[in-house]
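*Asks:* Structure provided below as structure tokens; questions to follow.
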Amino acid sequence: MILSRAKKETFHRLLAAVDLGSNSFHMIVARASDQTLQVQDRLREMVRLGAGLDDEGHLAADARLRALECLERFGQRLRGMADREVRVVGTNTLRAARDQGDFLRQAEAALGHSVEIISGIEEARLIYLGVAHSLAEDGMRRMVIDIGGGSTEVIIGERFEPLLLESLDMGCVSMSRQFFPDGAITPARLKAAELAAQLELEGFAHRCHQMGWEQTVGASGTAKALARVVQAQGWSEQGISAKSLKQLRKAILDVGHIDELKLKGLSEERRPVFIGGFTIMAALFASLDIKQMLVSDGALREGLLYDMLGRHRHEDVRERSVELLQKRYQIDTEHARHVEQTALSLLQQAAESWQLDDPVSEQMLGWAARLHEIGLAIAHSGYHKHGAYLLENSDLSGFSLQQQQVLAILVRSHRRKPDPALFSAFPRSVREAMLQLTILLRLAVKLQRSRLHAALPDIRLKARPRQLKLSFPDEWLDQHDLTRADLEREVEYLRLLDYELKITTP
């Protein structure tokens, strides 16, 4: 995650994206060359993770087993690939799971790579990116709809830029379970399911109509399954039409049970959740007055690949998210820049000893430094806490939920008495790195506290496990009493984190 300032270079690299959806797990491997991707391999398994999530947010043992067995197989294909060449994301079910920590550790062991949980809005952004790259650039304003297992994403955008993003809490798995638990399909149940979906859409539909769009595109499993069925039945020549959905509705009611849905074009594995996906699509067509929908091959996993391609070309959307936050909350960017430079200078000296010589550490520390005063937009009192709340609860394009949480804790811990409990929920390896980055940020803030931005002296940092020593030129601390007092207090504060800080002069 280091922001390289080197010139852009032509490169050829194998990239992989894994989408841990609520219904299916997908993996795509592609060879990247500049702005192009050539798909080398695709894997997909219907895991139905969402069906194993109970009302209290716990994953059933059989669902966990299905998922982990699938990830073991995916892991075999990913073996030998570097971490920066692979992105694995979890969506709605893993967002909702209360015991996600244990499952994620097992999933990461099976895959050999870390798993990111992304927000619904970030999922929508990536879906749009994948779809936009799969369609011709015709300048049209598009609406993209992706009905997943646990959520439905709706995006309006132009070319590669999303203009309106929404993630709705309804999917083909959840709707099938809620309204058709025993498989029986009646007019009353179908109407109730469609009405529930329309209620979910009610406020958002108005915003869509205000913005307007010229073309509607469906993505992923539900849209593809519906398109296959209505085309196989001869009800639509291309994609999905409003008329074809009415004909399909009649056919579904004539059958009357999920197990008896033996429609031409409908696969066995799709059948159990087909009715839930249909009700959401019917509600979307009705609420948004859609007449015709095209179906795209691009989706979340393709969006992940193109997002990775941008990062490798030093076009990281997270950089833009940080800049937008600085502008929106009127952060003193000059001061933030000096704090960042000081923090990264300290990191450079501690990196090898503390095993922070990886791209992730530099970028997370840099972002935290640039955003450490974001909470001042709310109030000076407790601004580190306000800042943490903003970072953890904002929709930040490009960031996973875990990355937002790490940023929030770094900002929350950059001043006053640190709370060791904030770090306890993280695995030990991550927790240690977070503590060390927190310490470096705290020191940088103290060294720049005067806000005069005068050049700092040659400060030497020597790091050891659970210990660091700061050495200042002779007499410099004597001339900066406030800094000395801050650092002496910091010695006491860092003991709370089980770290020893020594301040020395020649």
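*Asks:* State to the nearest 20 debye the size of the charge dipole of the range 58-174 about its Cα centre, where the only charges are +1 on K and R beta carbons and -1 on D and E beta carbons. Show your work: numbers first, answer last.
*Replies:* Working: 14 positive and 19 negative charges, 56 e Å.
That gives a dipole near 280 debye.
*Asks:* Quick check: the angle from helix 271-288's long axis to the longest principal axis of the chain, C-alpha only, nearest 10 degrees?
*Replies:* 80
*Asks:* Using the Cα centre of the chain as the reference point, and only Cβ charges (+1 on K/R, -1 on D/E), how large is the resulting charge dipole? Debye, rounded to the nearest 20. Intermediate results must be reported in sequence, preceding the final value.
*Replies:* On the way: 66 positive and 69 negative charges, 45 e Å.
Once rounded to the nearest 20, the dipole reads 220 debye.
*Asks:* Taking θ as phi - 60°, what are the ³J(HN,Hα) couplings along the range 123-128 by the Karplus curve (6.51, -1.76, 1.60), each to the nearest whole Hz, with x for Gly and Pro?
*Replies:* 4, 4, 4, 5, 4, 4
*Asks:* Then there's this: Rounded, prolate or oblate for the chain? Axes are the square roots of the Cα gyration tensor eigenvalues, ordered a ≥ b ≥ c, and the cut-off for rounded is a/c under 1.5. It would help to have the intermediate numbers written out before the result.
*Replies:* On the way: a/c = 2.27, a/b = 2.17, b/c = 1.05.
Prolate shape, in that a/c is at least 1.5 and a/b is the bigger ratio.
*Asks:* Based on alpha-carbon centroids, what's the gap between the range 41-55 and the range 209-263 in Å, whole number please?
*Replies:* Using only Cα atoms to place each centre, the spacing works out to 22 Å.
*Asks:* Next up: Which value, in debye to the nearest 20, describes the size of the charge dipole of the range 302-454 about its Cα centre when Lys and Arg Cβ atoms bear +1, Asp and Glu Cβ atoms bear -1, and nothing else is charged?
*Replies:* On the way: 19 positive and 18 negative charges, 153 e Å.
With Lys and Arg at +1 and Asp and Glu at -1, about 740 debye.
*Asks:* Also, quick follow-up: Hey, if you put +1 on the Cβ of every Lys and Arg and -1 on every Asp and Glu Cβ in the chain, which of Leu14, Val115, Ala408 ends up farthest toward the positive end of that dipole?
*Replies:* Checked the options; the winner is Leu14.
*Asks:* Decide, for the range 74-136, between rounded, prolate and oblate: order the square roots of the alpha carbon gyration tensor eigenvalues as a ≥ b ≥ c, take rounded if a/c falls under 1.5, and otherwise choose prolate if a/b is larger than b/c, else oblate.
*Replies:* Details: a/c = 3.03, a/b = 1.24, b/c = 2.45.
Verdict is oblate for the range 74-136.
*Asks:* Given the peptides 410-423, 299-312, arrange them by the average over their residues of other C-beta atoms within 10 Å, most packed first.
*Replies:* Working: 410-423: 19.1, 299-312: 23.1.
The packing order, highest mean first, is 299-312, 410-423.
*Asks:* Any lysines with Cα under 22 Å of the Lys191 Cα? List them, leaving off those in the same chain fewer than 8 positions away.
*Replies:* Answer for Lys191, where 22 Å is the Cα cut-off: Lys243, Lys246, Lys250, Lys262, Lys291, listed by chain and number.
*Asks:* Helix 220-232 against the longest principal axis of the chain: what's the angle in degrees, Cα atoms only, rounded to the nearest 10?
*Replies:* Between the helix axis and the principal axis of the chain, the angle is about 20 degrees.
*Asks:* When a/c reaches 1.5 or more, the comparison of a/b and b/c decides; with that in mind, is the range 454-506 rounded, prolate or oblate per its Cα gyration tensor?
*Replies:* Details: a/c = 2.49, a/b = 1.50, b/c = 1.66.
Note, shape of the range 454-506 comes out oblate.
*Asks:* Per residue of the range 488-504, in order, report the coupling 6.51 cos²θ - 1.76 cosθ + 1.60 (Karplus, θ = phi - 60°) as ³J(HN,Hα) in whole Hz, putting x for Gly and Pro.
*Replies:* My calculation for the range 488-504 gives 5, 5, 5, 4, 5, 4, 6, 4, 5, 9, 6, 10, 9, 10, 10, 10, 9 Hz in order.
*Asks:* Can you list the aspartates and glutamates whose alpha carbon sits under 13 Å from that of Lys385, skipping same-chain ones fewer than 8 residues off?
*Replies:* Partners found: Glu373, Asp419.
*Asks:* Along the charge dipole of the range 59-196, pointing to its positive end and built from +1/-1 on Cβ of Lys, Arg, Asp and Glu, which listed residue (Leu104, Ser167, Ile155) has its Cα farthest out?
*Replies:* Leu104
We did not get these values from a lab; they are worked out from the coordinates using the rules stated. Keep in mind it's a predicted model, so treat the numbers as computed, not measured. Virtual Cβ from ideal backbone geometry, glycine too; neighbours counted across all protein chains shown.
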